[in-house]
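S.K.: One structure is given below, represented as structure tokens, and several questions about it will come after.
The values are calculated or read from the model by the stated rules, or taken from the named source; none is laboratory data. Please read all numbers here as calculations on a predicted model, not as lab measurements. For neighbour counting, all protein chains shown are included, and Cβ atoms are generated from backbone atoms with ideal geometry for every residue, glycine included. For accessibility, only protein heavy atoms count, side chains too; no ligands or nucleic acids. Shrake-Rupley method; radii C 1.70, N 1.55, O 1.52, S 1.80 Å.
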Amino acid sequence: NYKKIITINKKKLNLLDQDKTFKFLKKNKPDVVIIAAAKVGGILNNNVNRAQFIYENTTIQNNLIHGSYISKAKKLIFLGSSCIYPKLSKQPMKEEYLLSGKLEETNEPYAIAKIHGVKMCESYNKQYNTNFISLMPSSLYGSNDNYNLQNSHVIPALLKKIFLAKKQKKKTLKIWGSGKPKREFLCVDDLAKFVVRIISLNPKKKLINVGYGKEISIGKLAFMIKKIIGYTGKITFDKQKPDGVKRKLLDSKYAKTLGFKVKTNLEDGLRKTFKEKFLR
């Protein structure tokens, strides 16, 4: 029911350019700003391009958060990541566990950038009485994800690798890591519905976890995707490659009090994502 949704292609507006970002926000004067823009990637990309990850993410956030303040936006929703929590955090991870321990080394620059965004929103709320909210989702997936094998996240990478292995009739497929780490995956559609809901709410807590509520090992995930795609070859694991953190399960109790609901079962969501991306 929103009459004017303001978007712009990144080719027309580079969010790393402060002057142009400020001018865009001042000209359009949005009531609500949703920050979904970020430089993201899997373990390899995070670890190799550390400087780019911390520079680009903090710069985008600085420009959009401060730009929203000076253009007098009534509300801002900043989308972060579950990697903001400590490497050895208690599970499930509560919002108050932020900054209670060391971060995972492989994605530390990205995590620090996202923590910076959370703390920037918090600081503006305290000093300027703004209404800036930080949502921390678990790992997301969906058909419009990045499927580049060099810099994608685990679900798009597995979908593409296993699909190609079937197509090329490979007898075996090696997957990065031991397969033992557990992750929590949320369909992007379920997050999007909650973001829309948050626009009309004024939650007391401004840092809010948003997760699926269940975790699955990377190994079991791979075999689930193998079954969905119908690949009959053997899957093996390259234990020489890093795993990242062992577990990342969010405590999303507060989000549920605000009406957050998981409507997409993981297997159903993966099946839908595969069909939309690879069988069109």
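S.K.: DSSP loop trypsin sites (Lys or Arg not before Pro) in the range 77-161 with at most 14 other Cβ atoms within 10 Å of their Cβ, which ones?
M.R.: Taking the range 77-161 and a limit of 14 other Cβ atoms within 10 Å, the loop trypsin sites (Lys or Arg not before Pro) found are K90, K102.
S.K.: Using Cα-only point scatterers and the Debye equation, what is log10 of I(q)/I(0) for the chain at each q in 0.12 Å⁻¹, rounded to two decimals?
M.R.: Relative scattering, expressed as log10 I(q)/I(0), comes to -0.78.
S.K.: Ratio to report: Rg/Rh of the range 95-229, with Cα atoms as the point set and Rh obtained by the Kirkwood method; give two decimals.
M.R.: 1.04
S.K.: I would also like to ask the following. Using a probe of 1.4 angstrom, how much of the accessible area of the chain is carbon and sulfur, in percent?
M.R.: Exposed carbon and sulfur together represent 52 percent of the surface.
S.K.: Around F22, what is the net charge, scoring Lys/Arg as +1 and Asp/Glu as -1 over all other residues with Cβ under 13 Å from its Cβ?
M.R.: Charge balance in the 13 Å sphere: +4.
S.K.: Any idea how far the Cα center of the range 153-169 sits from the one of the range 204-242, in Å?
M.R.: 13
S.K.: Right, another one. Tilt of helix 154-167 relative to the longest C-alpha principal axis of the chain, in degrees (0 to 90, nearest 10)?
M.R.: The angle comes out at about 40 degrees.
S.K.: Next question, about the same structure. Amide H to amide H under 5 Å from K248: which residues, 5+ apart in sequence or cross-chain, H placed 1.01 Å off N in plane?
M.R.: Under 5 Å from the amide H of K248 lie the amide H atoms of K182, E184, each far enough along the sequence or on another chain.
S.K.: Continuing with the same structure: Have a look at the DSSP beta bridges in the chain and tell me what percent are antiparallel, nearest 5.
M.R.: DSSP beta bridges in the chain are roughly 10 percent antiparallel.
S.K.: For the range 184-230, count all C-alpha to C-alpha pairs, find those more than 13 Å apart, and express that count as a whole percent of the total.
M.R.: Roughly 69 percent, rounded to a whole number.
S.K.: Each residue of the range 248-261 in turn: what ³J(HN,Hα) in whole Hz from Karplus with 6.51, -1.76, 1.60 and θ = phi - 60°, glycine and Pro shown as x?
M.R.: 8, 10, 8, 8, 10, 4, 5, 4, 5, 5, 9, x, 5, 9
S.K.: Per residue of the range 39-56, what does 6.51 cos²θ - 1.76 cosθ + 1.60 with θ = phi - 60° give for ³J(HN,Hα)? Whole Hz please, x for Gly and Pro, Karplus curve as stated.
M.R.: 9, 10, x, x, 4, 4, 5, 4, 6, 7, 9, 4, 5, 4, 5, 6, 5, 5
S.K.: Here's another thing I want to ask about it. On C-alpha positions alone, give me the angle between the axis of helix 266-278 and the longest principal axis of the chain, in degrees, nearest 10.
M.R.: For 266-278 against the chain, the angle is about 90 degrees.
S.K.: Now a separate question. Which net charge results when you count Lys and Arg as +1 and Asp and Glu as -1 among the other residues whose beta-carbon is under 11 Å from that of F194?
M.R.: Counting the neighbours of F194, the net charge comes to +3.
S.K.: Under 5 Å between amide hydrogens, which residues at least 5 positions from L173 or on another chain qualify, with H placed 1.01 Å from N in the peptide plane?
M.R.: K234, I235, T236
S.K.: Using the Karplus equation 6.51 cos²θ - 1.76 cosθ + 1.60 (θ = phi - 60°), what ³J(HN,Hα) coupling, rounded to whole Hz, does each residue of the range 138-150 give in order, writing x for Gly and Pro?
M.R.: Result, ordered by residue: 6, 4, 9, 8, x, 5, 8, 6, 8, 9, 6, 5, 7 Hz.
S.K.: Then there's this: Non-local amide H neighbours of L207 (under 5 Å, H modeled in plane, Pro and chain starts lacking H): which ones?
M.R.: S134
S.K.: K72: net charge of surrounding residues, Cβ under 12 Å, Lys/Arg +1, Asp/Glu -1, itself excluded?
M.R.: +3
S.K.: For the chain, what is the accessible area per residue in Å² when the probe is 1.4 Å?
M.R.: On a per-residue basis, the chain sits at 55 Å².
S.K.: Follow-up question, since we're still on this one. For the pairs K167/K214; K10/K182; K114/K182; K29/K206; K39/K180, flag any whose C-alpha to C-alpha distance is greater than 25 Å.
M.R.: K167/K214; K10/K182; K39/K180
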